[in-house]
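Just so you know, all these numbers are worked out from the coordinates, no wet-lab data involved. All figures in this text were calculated on a predicted structure; none of them were measured in a lab. Every residue, glycine among them, receives a Cβ derived from its backbone with ideal geometry; neighbour counts consider all protein chains shown.
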Amino acid sequence: MRADVGGVAVVTDSTASLPAGLVDATGVVVVPLDVIVDGVPHREGVDITTDQIVEALRAGASVRTAHPGPDAFARAYARVAARGASEIVSVHLSGELSGTTTSANLAAREAPVPVHVVDSRTVGMGLGLAALAAARAAADGADGAAVARAAEERAARTSVRFTVETLEHLRAGGRLGALAATLGTVLGLRPVLEVRDGRIDVVEKVRTAARARDRVVELAVTDAAHRARVEMAVHHLGDAEGAERVAERLRAACGSALAAVHVAEISAVVGAHAGPGLLAVVVGDA
């Protein structure tokens, strides 16, 4: 299933957190966002790792993020056009969380081939599953408009729920309102969060970190039960073994309805905003 040579090419950004094997297998082009540590910019997935971000956060370093400028997308679009793509579908994280889609739209105006920019209204493998749906449609010979619709429809039917050790990183980065951050930590309660209509909301507050992680899994299993076939992803931040245990729970709970569950470390940019202790479960139609 490759859509990178001829036909419609699919571009996404690094917050999709796609495992390298899926990127290689599908030919999806990934444009990196920047992580700025103590004033020094790094391209995530290129010259900084998620482990390094975790170390920086725990050491109290100043960690900020920045979306790619239009020139980064212009270069990506030129590369895939030079390989023979007749159209491009560019699928990106929620415009409520980043200016990435704005940069993609600006670059699309000057691209050598038509570009359909899709705001997925989500992030992580919520975005990643949308990009994979686009790649499948492109590989099946769909035109650019149909490939963009495939991405939009998959994103709209995909949920992202997660928990973190503290809401402070999300609040400091402007991804969560100050009131929600305060409510999420009052009396030591632990937050269960969800991406809703492109924004991050606190949907439940529970007493312990362990219960918050359990609730993320329980809500995902309930969600999956309402779907005929389901594709899932488990994101972690420096805890691959814990994420694999969660994946095993999902496989046992969902049985034959589960087409696949991907275990993937969250991107460095998302990790910078979520902080250590992240666990996320993504649920989408297969």
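Structure notes:
- Taking amide H as placed 1.01 Å from N in the peptide plane, the amide H of Gly277 sits under 5 Å from that of Leu237, each at least 5 places away or on another chain.
- Phi angles of region 34-42 translate, via the Karplus equation with coefficients 6.51, -1.76, 1.60 and θ = phi - 60°, into HN-Hα couplings of 9, 10, 10, 10, 6, x, 9, x, 9 Hz per residue; Gly and Pro are given as x.
- Between Gly275, Gly255, Gly84, the Gaussian network model of the chain with springs among Cα atoms under 10 angstrom shows the greatest mean-square fluctuation at Gly255.
- Summing Cβ point charges (Lys, Arg +1; Asp, Glu -1) relative to the Cα centre of the chain gives a dipole of roughly 520 debye.
- Cα Rg, Dmax (largest Cα-Cα span) when computed across region 1-150, Å: 15.2, 49
- Folded to 0 to 90 degrees: helix 209-225 orientation relative to the chain principal axis, Cα: 50 degrees
- Stokes-Einstein diffusion of the chain at 25 °C, 0.890 mPa s viscosity, Kirkwood radius from Cα pairs, rounded to a whole number: 130 µm²/s.
- Stokes-Einstein diffusion for region 98-152 at 4 °C, viscosity 1.567 mPa s, with a Kirkwood radius from C-alpha pairs, works out to 110 µm²/s.
- Both radii were evaluated on the Cα set of region 3-92; the Rg over Rh quotient, with Rh as the Kirkwood radius, amounts to 1.05.
- For the chain, built as a Gaussian network whose Cα springs stay under 10 Å, the top-fluctuating residue of Gly242, Gly69, Gly60: Gly60
- Neighbours of Gln52, meaning other residues whose beta-carbon lies under 15 angstrom from its beta-carbon, give a summed charge of -4 when Lys and Arg score +1 and Asp and Glu score -1.
- Rounded to 10°, Cα long-axis angle of helix 144-156 versus longest principal axis of the chain: 10 degrees
- Principal-axis analysis of the Cα atoms of the chain puts helix 240-254 at an angle of about 90° to the longest axis.
- Per-peptide average of other Cβ atoms within 10 Å, ordering 34-47, 208-221, 124-137 highest first: 124-137, 208-221, 34-47
- Spatial separation of Cα centroids for region 28-60 and region 79-115, in angstrom: 23 Å
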